[in-house]
1. DSSP beta bridges in segment 166-337, what fraction antiparallel, as a percent rounded to 5?
2. Show me the chymotrypsin sites (Phe, Trp or Tyr not before Pro) within segment 109-175 that DSSP assigns to loop and that have at most 13 other Cβ atoms within 10 Å of their Cβ.
3. Nearest 20 debye, what's the magnitude of the dipole of the chain about its Cα centre given +1 on Lys and Arg Cβ and -1 on Asp and Glu Cβ?
4. Answer with one residue from Ser122, Leu157, Gly208: the one whose Cα lies farthest towards the positive end of the charge dipole of the chain, charges on Cβ with Lys, Arg +1 and Asp, Glu -1.
5. What does the charge count around Leu399 come to, taking other residues whose C-beta lies under 13 Å from its C-beta (Lys +1, Arg +1, Asp -1, Glu -1)?
6. Defining a contact as two alpha carbons under 8 Å apart and six or more residues distant in sequence, what relative contact order in percent does segment 16-153 show?
7. For the charge dipole of segment 345-486, defined by +1 on Lys and Arg C-beta atoms and -1 on Asp and Glu C-beta atoms about the Cα centroid, which residue among Ile448, Ala361, Gly387 has the Cα displaced farthest towards the positive pole?
8. What number comes out for the charge environment of Gly177, summing +1 per Lys or Arg and -1 per Asp or Glu over other residues with Cβ under 10 Å away?
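Read-outs throughout are calculated quantities, based only on the coordinates presented, and are distinct from any laboratory measurement. Quick caveat, the model's predicted, so the values are computed rather than measured. FYI the Cβ positions are ideal-geometry reconstructions off the backbone, even for glycines, and counts take in every protein chain you see.
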Amino acid sequence: MKILCLQLARFGDIYQTWPVLRALRRNYPEAEIHLLVRSRFIEATVGLDEVSRVIALPTNEWLAGDIDDGLAGIEQWLIENDMTGFDRVINLSFSPLSSYLVDLVGGADVVGYARQPDGFLSIPDESSAYFYAQVGVDRANRIHLSDLFAMIAGVELTDDDFRAPALARVYENKRSGIVVQVGASQSQKTLSTESWAEIIENLTELTGESVTIVGSAGEFNADAIHNPRLLNRVGQTKIFELFQIIAGARLFVGCDSVGLHIAALTQTPTLNISFAAVRFWETGPRAPGSRILWFDSREVCDISRVTDEAWRMYNGEPPAAPVILKAERSGVIYDLIGYEENDFSWELVRALYSHENRAAAVADLCHHCLHERASALGNSVDLITLGFTRLSEISTLALEQIKIIEIAPNQAAVHILDQVDVLIEQVGRLAIEISPLVRWFQTEKSRIPPGGLNEILKSTKALFEQLNELCQTALLNMRLSDGVAGHDFSGV
């Protein structure tokens, strides 16, 4: 069996793909597993012995000239690298470039983004459709990226899939000191130099042990700290060397960074400092015993809380709320202690994707969740009601236009049907809590394959009927909660 995996994102995403590749190797011990990454990030594959071949994608070369030269370069590259004959193609990159590459490579079994025969985006599998619709900083997803990658690849992860390369393993009783990564992929995702300096000074004083700082060159001015216990490795290590450094530490402290994902593979307990610009549910720490401190932005980060929680973790003490704990279970792997987050949108995501009967699941959510949490949701209840009402009205309008077009082509009906997409988008912006439903519908509509007018109309009609049923059953069950917390649904 010949398998091609595409991971064209950055260092952190590649390391989050390691467990998936190991699971593939476990499931297909005799298979050829080929991994395609961008040449800029190929160092993140060093030590990944489960892969038969790593292929570097020279994207910079293709983008250097004009379009014709780039296309010619891609075709030549495909020939030179024997990119044919794959039984399975697993695209774990959610980008236009990756979808076109998948289309050019082909394969008997393709999951992840690809292209339709007419050139439009193809999302062939349910897990990739979920990713397209629900994953991102501004969305409600709570499933970690590693688990989502595994779902797309069709494998189940085990604890052993999260391990360091053999040369970087350290026995638990030999761990000492603290490693701090001072940088991140973007400046708003990490602390200022002054904040890190204060944290590092506090930790060296409290623990009496060394603190090793790592990061890219220019991310931190170590001269600002005069401390004999500080070991500055900023700009002085290759990425693979971070395995040995982090594996030997009792604690890793960092924001959204490559070190965070290496710590997951070395099983190093991690204190993750996270902000609104990062979705910790998707990219947070996975090592047992890890904790997260969440702040709205780096400007309001409480340094004393960071220092105190790091000290508690270092000494094996219980956490101090508010804190987010890594749970030892599958599915949603974090528990919020002292933090509050509106659960309705996430519960709506679960209702849409985790139940065979979506309409019944959404209806049950609206009845029980709103009945139990109406006071906490406050004015959002009114927006949720309005959102479902408007979506029902819009879907009814769309079905009326489809009925007209089925009888005979009608330009006015076609024009109205085109405007329906705009109206649905506006509902998602108005009623944020039900935006997962809007994105689910938009994604399923985009997945309708090319074909004749009758086939497309039939598929579109069935989808609008499903949307209308979801909204009608939701509204009916909200009426059953009439009067909850002073909300009146009688006019719905």
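1. 25
2. Filter output for segment 109-175: Phe120, Tyr171.
3. Charge dipole of the chain: 760 debye, to the nearest 20.
4. Of Ser122, Leu157, Gly208, it is Gly208.
5. -2
6. Once divided by the residue count of segment 16-153, the mean separation gives 19 percent.
7. Ile448
8. Net of charged neighbours comes to +2.
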